[in-house]
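Asks: One structure, pasted below without further comment.
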Amino acid sequence: MKEEAFGSPAAATGIRFLLLAAVFIAGIAAERIGLVEYLSDPWEREYVLFLAGQHLYLVAVSMAMALVTGLATGIVVSRKRFRKFAGVVMYVIGLGQTIPSLAVLALTMSFLGIGSKPAILALYIYSTLPIARNTLAGILSVSPAIIDAARGVGMSPARILLEVEIPNALNVILTGIRIALVINIGTAALGYLIGAGGLGDLVFTGINLMRTELLLAGALPITILALAGDYLLELLSLLIVPKGIRMAG
């Protein structure tokens, strides 16, 4: 009965009304704070878009590196001959997340200088663990009976990995990627502190100058990017992960 109530036209109308009310209130707040006036300036709007491009560049490059490393590591240590090293490998990869993000940035800056390179390395370190850990957990959670059945029909270990284990682990793997992406987008704002640019420029400038419109001009796009990235990966999981596996996960 509850599911029917939430799925009823009246409930849907109520949710739309609440969303419209929230947007309306946010618009009034943005106008009073001065955000609308700030973004109405073509030069300032162009600058915000430029910083957003820098932010996306940091996220895209570091996430690509983290995906390659995390997926490869998770797959390798899930193999029977390397499984005994899984704990040590995950501990080593996880060391980066035990160190505060500012300290990681300072360490990478100490030998790479300032700019985008140390920021990308720091973001890569922070993003690898969730992907590697979920890849390992997802593959190890595949039922041994399914793997035995695949062996019984003569499938090679490579085919079992590609056609049985990874498809069945895909839901868990994508969850790790979603976590890594959200962490990455938020942490990328700190790249401004070491000269990497990005939307953190507006956030920290707004804090230093006590200008709320600058702070929000940087913070809101970061929030939108994180929500959009999470939503797109959720849609991707709906498209490529079979419903039965999603329900089981």
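Asks: Nearest 10 degrees, 0 to 90: what angle lies between the long axis of helix 166-187 and the longest principal axis of the chain (Cα atoms)?
Replies: 30 degrees
Asks: Let me ask something else about it. How far, in degrees from 0 to 90, does helix 212-240 lean away from the longest principal axis of the Cα atoms of the chain, to the nearest 10?
Replies: Once rounded, the angle reads 30 degrees.
Asks: While we're here: In degrees, nearest 10, range 0 to 90: what is the angle between the Cα axis of helix 116-140 and the longest Cα principal axis of the chain?
Replies: Orientation of helix 116-140: about 40 degrees from the principal axis.
Asks: Please tell me the relative contact order of segment 42-248 in percent, rounded to the nearest whole number, where contacts are Cα pairs under 8 Å and at least six residues apart.
Replies: That works out to 26 percent.
Asks: Each label point is 7 Å from the Cα along the Cα-to-Cβ direction; what then is the distance between the points at L236 and A103, in nm?
Replies: Modelled inter-label distance: 3.2 nm.
Asks: Further question: Which one, (1) 68, 60, 27; (2) 52, 47, 42; (3) 48, 36, 35, gives Cα extents along the principal axes in Å as derived from the coordinates shown?
Replies: Matching entry in (1) 68, 60, 27; (2) 52, 47, 42; (3) 48, 36, 35: (1).
Asks: Sticking with this structure for a sec: For a quick check: sort T205, T135 by the number of other beta carbons within 10 angstrom, fewest at the front.
Replies: Arranged by neighbour count, lowest to highest, T205, T135 become T205, T135.
None of the figures in this text is laboratory data; all of them are computed from the coordinates on show. Since the model is a prediction, treat every value here as computed from it, not as a measurement. Glycine also receives a Cβ, built like all others from the backbone with ideal geometry; neighbour counts cover every protein chain displayed.
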